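Below you'll find the structure, written out as structure tokens, and then a few comments.
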Amino acid sequence: MANNRYIRQQQLKHFGPEGQAKLAQASVLVVGLGGLGLPVVQYLNAMGVGTLGLVEQDLIEKHNLQRQVLYAENDVGRPKLEVALDKLAGQNTTTDLVPFDTFLTKHNALQIIKGFDVVVDATDNFATRYLINDACVMLHKPFVYGALHGFEGQVSVFNHEEGPTYRCLFSKMPKADEVPNCDDNGVLGVLPGIIGTLQALETVKVITGIGEVLSGKLLVYDGLAQAVQKISFEVNPENKNIKELQASYGIAHCENMSSLEPKEFAERLKTKKLQLIDVRNPDEYADFHLDGAKNIPLHELPSRIREINFGTEVYLICQSGKRSAAALEIVRKEKPKASILHILGGMDKTAPLCL
């Protein structure tokens, strides 16, 4: 450990060399390297956390840059994981960086999470949060939660010691058409930085034992009013007794059997004409779309479902695979026997293969 590098935090009362040693011995898994995950990994890396696990499989897009400030314009099109690894290694050469070039799924969650002391949820979808929660309960791991909605953010720590879990606060996952989507609703660039930094702080508190951890408390931050409130909630013992992961977590990446890998989809597209429904917004579709794709935005899908020919296979695509998974849930309710596939990774993963 470099004697002078961490001197400013080691001088703090109640932290000291003991706190620094605990950081050096700790391992933290960060799921997602977007607006929330980047400030988390940058600060934990800078502060001297010994091992950082990084879970990510997305590519950098230009619209990421206004909030994902580790990335630069010349990084657009590159894998987020690759760029983050390069820059974090340059920031602190003593950190052990452990990459996972994948999305977190029910098939790999337990294997990945079991090797870390703390899990940070820096994702943007409910399905993965419930998956993280259930895996952490089974493995007795605390996880640090952060979420964004409009100009507000939320932070809490679940499954810390004997504290409540995510399901104690939100007992059931919302339906696909009830899920807020940042692709539609937007996010102010600075807000993920604020919430992600608070997540990093809670992670340090969990590791070192300093301060009061946000266990059993939901911190709600209002960016427009610069106001913070805390909401207390109790543990439900039933939510501490999860013995196995659910058969499906609904709209999470790679969870639905009615999904198709980008490479296989690209091959099919080359050999035959497919009925492809693009559920992105009209401006995204106008900017670039695959030949033959019909644009039915996700929010219009329930009222326009009759425009789809269910006598043949239906392929659903969006930008990253999240909205197409939600669209799949909507269409399944109306046409449970139809042949419907959504494209994993969406245009981000598919477009380069089809050009």
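Just so you know, all these numbers are worked out from the coordinates, no wet-lab data involved. The structure presented is a predicted model; accordingly, all values stated were derived computationally and were not measured. A quick note on method: Cβ atoms are made from the backbone with ideal geometry, for glycine too, and the neighbour counts reach across all protein chains shown.
Based on a Kirkwood Rh over C-alpha pairs, give the Stokes-Einstein translational diffusion coefficient of region 220-355 at 37 °C and viscosity 0.692 mPa s in µm²/s. Let's see the in-between values first.
Working: Rh = 16.9 Å.
Approximately 194 µm²/s, per Stokes-Einstein.
Would you mind telling me the antiparallel percentage of the DSSP bridges in the chain, rounded to 5?
Details: 18 of 47 bridges.
Expressed as a percentage, antiparallel bridges in the chain total about 40.
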For the chain, longest principal axis from Cα atoms; helix 37-47 axis from its Cα atoms; angle between them, nearest 10 degrees, is 20 degrees
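For a protection proxy built on the mean count of beta-carbon atoms within 10 angstrom, sort 27-37, 260-270 highest first, please.
Details: 27-37: 26.0, 260-270: 16.1.
Ranking, from highest mean packing down: 27-37, 260-270.
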Relative to the chain, whose Cα atoms define the longest principal axis, helix 322-334 and its Cα axis are tilted in degrees, nearest 10, by 50 degrees
Of all chymotrypsin sites (Phe, Trp or Tyr not before Pro) in region 267-352, the ones in DSSP coil with at most 15 other Cβ atoms within 10 Å are F288
Partner aspartates and glutamates whose C-alpha sits under 17 Å from that of K230, ignoring same-chain residues fewer than 8 away, are E152, E202, E212, D222
Residues whose built amide H sits under 5 Å from the amide H of V30, excluding neighbours closer than 5 in sequence, are G53, L54, V55, V120
If every Lys and Arg gets +1 and every Asp and Glu gets -1 at its Cβ, then about the Cα centre the chain yields a dipole, in debye to the nearest 20, of 400 debye
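Calculate, in whole percent, how much of the Cα-Cα pair population of the chain lies beyond 39 Å. Mind showing how you got there, number by number?
Values: 10205 of 62835 pairs.
Summing the P(r) tail past 39 Å for the chain gives 16 percent.
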Highest GNM mean-square fluctuation among D121, D291, D222, for the chain with Cα springs under 10 Å, belongs to D291
Given Cβ charges of +1 for Lys and Arg and -1 for Asp and Glu, the option among L97, G196, Q11 whose Cα lies farthest towards the positive end of the dipole of region 7-240 is Q11
The helix 16-25 Cα axis meets the longest alpha-carbon principal axis of the chain at an angle in degrees, between 0 and 90 and rounded to 10, of 40 degrees
Note on region 259-354, DSSP bridge orientation, antiparallel percent to nearest 5 equals 0 percent
Given 230-242, 328-340, 60-72, the highest-first ranking by average Cβ count within 10 Å works out to 60-72, 328-340, 230-242
Under a Gaussian network model of the chain whose springs join Cα atoms within less than 10 Å, the largest fluctuation of T105, T312, T208 belongs to T312
